[in-house]
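Data block below; observations after.
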Amino acid sequence: MNIIEKGLAKKAQLDTVMPGERITVTPDILMLSGDSILSIIEEFYELGYGIVHCATSTFIIQDSFNISEEIALFSAKHGVNLLKQNVGFITEQDPLTDKIITGIERREIGEFGAFGSIALHVSPATMAKCLGTGKIELTVPETIYIEMNGLLSGNQKVEGICAYLNDYFNDSLVGYGIILGGESLNHLDDEAKRRLTTFLYELGGAIAMISPSGPLGQVESAVKIKTHQITDRNRV
């Protein structure tokens, strides 16, 4: 098993998992954000749930200062954390490695893969069910390992790397677990790494994670990229 499969197996309380297997996991953190928060709350009540499972690990990320009364009441009633968008959710003090983080917005959860977390993008209906049960069902994805080696000069900005990955893979990453590794990552700061993992979700990845030590197990496919192959797309 690779690092993604080991993480999923641990949260599913299984010895092993394999691609294509249907499993049930218990997320460590649930994130509600974007325009679907109210529909999730409505679905939660329609399903007949009376309490939020693990409310202290559930976060509503509101992207404006005008919090609706319904969201505020839901947060207060069930003890769910309510955060403003401009309040940093990721901190150096939070141990994120090996955690499963579930959200409905790729942009919100994608960056957690830069810190060794398994981020799951789910539908509003699935999120509503998870609020009431604390569980999520998913299919273990096949995994591709992308290794980047070589120096990254100042001209090779993260957006240039994203553009290269987009041209290279197009839509072939849809539904895959993606592990990104290689020495080149040592030349990127945390912000750049967060942008990279978020972009891999934008390309359709099911799970995207940075693992400096490599896949740590078997993968279905591996691609090695030399940084000199990356076109400088930021040069004017």
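In terms of surrounding Cβ atoms within a 10 Å radius of their Cβ, 106, 22 rank from fewest to most as 22, 106. With the convex hull of its Cα atoms as the shape, the stretch 143-229 has an orientation-averaged projected area of 5.0 nm². Each label point was placed 7 Å from the Cα along the Cα-to-Cβ direction; for residue 45 and residue 226 their separation is 6.2 nm.
Which of the residue pairs 10/135; 11/135; 10/193; 84/135; 6/99; 6/224 have a Cα-Cα distance greater than 18 Å in the structure shown? Pairs exceeding the cut-off: 10/193; 84/135; 6/224. Of the options [x] 55, 44, 33; [y] 55, 34, 30; [z] 59, 56, 34, only one is Cα extents along the principal axes in Å as computed from these coordinates, and that is [x]. Cross-link partners for residue 129 among the aspartates and glutamates, with Cα-Cα distance under 17 Å and sequence neighbours closer than 8 places in the same chain left out: 28, 42, 43, 46, 105, 137. In the chain, helical runs assigned H by DSSP with n ≥ 4 each contribute -39500 (n - 2.57); averaged across all residues and rounded to the nearest 500, the mean residue ellipticity at 222 nm is -8500 deg cm²/dmol. For the stretch 143-229, the relative contact order is 49 percent, taking Cα pairs closer than 8 Å that sit 6 or more residues apart in sequence and dividing their mean separation by the residue count.
Span-like helix criteria (full DSSP H runs; alpha carbon extent of at least 15 Å along the helix axis; mean Kyte-Doolittle hydropathy of at least 0.0) are satisfied in the chain by 158-169. Taking 7 Å steps out from each Cα toward its Cβ at residue 16 and residue 28 produces label points 2.5 nm apart. Let a ≥ b ≥ c be the square roots of the eigenvalues of the Cα gyration tensor of the stretch 22-139; is it rounded (a/c under 1.5), or, if not, prolate (a/b larger than b/c) or oblate? In terms of gyration-tensor shape, oblate.
Counting only DSSP beta bridges with both residues in the chain, the antiparallel share comes to about 10 percent.
Throughout, read-outs are computed from the coordinates displayed, never taken from laboratory work. Small disclaimer: the values here were computed from a predicted structure and weren't measured. We place every Cβ from the backbone using ideal geometry, glycine too, and count neighbours over all the protein chains shown.
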